[in-house]
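Asks: Please see the structure below; I have some questions.
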Amino acid sequence: MIHLFEGDITQANVDAIVNAAKNSLLGGGGVDGAIHRAAGAELLALCRALPDKNGVRCPTGEAKITDGCNLPAKYVIHTVGPVYSQVSNPADLLARCYRNSLALAKENQCGSIAFPAISCGVYGYPIEAAAKIALEACCQKEHADLDIYFYLFGRSDFEIWQKIYRRLSS
Ligand code: APR
């Protein structure tokens, strides 16, 4: 079941929230900064403890899971979206972020998960195209037992997600 919300994902009362992180998983601005601030310093320590290869703890399109620390959510799933203008296959990488996050949520027995609009801020993904990829990845029969929330930041992003969702469900 898909639920669309306008608001701050750090407040989401779900089993797992997804962070739109950078490859190092060592925090940043945007939703990443908000999640780390709300979760507390322990989250950064947990991320730092994840294995890395030349500073990369999570390759683009993949996902890693940590505890949610001080967040209402039990877990944070950290995924790294593509920088839209810097890769040749942004749609494939963005879809993999959603699919891999959903798979991790299931492996960890989550019944609910909340996503932000991955790559739609600093990483520059056009919002309508991103909404279509996100919703298509989540509207699969295999995820019907999962409550999937999208937290859109701002009215305009929320309305775009709503429009694409209506289009996909009609
Ligand atoms: N709750 C929900 N959504 C949020 C929040 C929040 N508290 N704060 C920001 N957003 C929204 C933005 O408005 C945007 O639509 O999250 C979306 C993703 O934007 P970014 O956070 O910029 O993420 P992204 O485009 O994937 O870029 C990732 O930004 O800060 C860095 O460390 C991060 O380097 C990484 C990069």
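No value in this document is a laboratory result; all are computed from the given coordinates. All values reported here derive from a predicted model rather than from experimental measurement. When we count neighbours, we look across all protein chains shown, and the Cβ atoms used for this are built from the backbone with ideal geometry, even at glycine.
Asks: Would you be able to say whether some residue in region 65-80 is of a type outside the set (Asp, Glu), surrounded by fewer than 22 Cβ atoms within 10 Å (Cβ to Cβ) and more than 21 Å from Thr10 (Cα to Cα)?
Replies: Among the residues of region 65-80, not one is of a type outside the set (Asp, Glu), surrounded by fewer than 22 Cβ atoms within 10 Å (Cβ to Cβ) and more than 21 Å from Thr10 (Cα to Cα), which makes the answer no.
Asks: Being under 15 Å from Arg167 (Cβ atoms) and in contact with a Ser or Thr (Cβ under 9 Å, 6 or more places away or on another chain) is the filter here; which residues of region 123-134 pass it?
Replies: Matches in region 123-134: Ile127, Ala130.
Asks: Can you name the residue in region 121-130 that is near the ligand (Cβ under 9 Å from one of its atoms) and part of a helix (DSSP H, G or I) and, of all such residues, is surrounded by the most Cβ atoms within 10 Å (Cβ to Cβ)? Reasoning before the result, please.
Replies: Filtering region 121-130 for residues near the ligand (Cβ under 9 Å from one of its atoms) gives 121-125, 127, 130.
Okay, now just the ones that are also part of a helix (DSSP H, G or I), so 127, 130.
Details: Ile127: 17, Ala130: 25.
Residue satisfying both the conditions and the ranking: Ala130.
Asks: A further question on this structure: In region 119-170, what residues are touching a Phe, Trp or Tyr at 6+ places or on another chain (Cβ under 6 Å) and at positive phi?
Replies: Listed by number, the residues that qualify are Ser119, Gly124.
Asks: Any idea how many residues of region 136-158 are farther than 18 Å from Tyr84 by Cβ, more than 13 Å from the ligand (Cβ to nearest atom) and not small (Gly, Ala, Ser)?
Replies: Qualifying residue count, region 136-158: 10.
Asks: Looking at region 1-23, which of its residues are surrounded by fewer than 24 Cβ atoms within 10 Å (Cβ to Cβ) and more than 10 Å from Pro72 (Cα to Cα)?
Replies: Met1, Ile2, His3, Leu4, Phe5, Glu6, Gly7, Asp8, Lys22, Asn23, listed by residue number.
Asks: Further question on the same structure: Of everything in region 82-120, what is surrounded by fewer than 22 Cβ atoms within 10 Å (Cβ to Cβ), among the aliphatic types (A, V, I, L, M) and farther than 16 Å from Lys64 by Cα? Give them in sequence order.
Replies: Val83, Val87, Ala91
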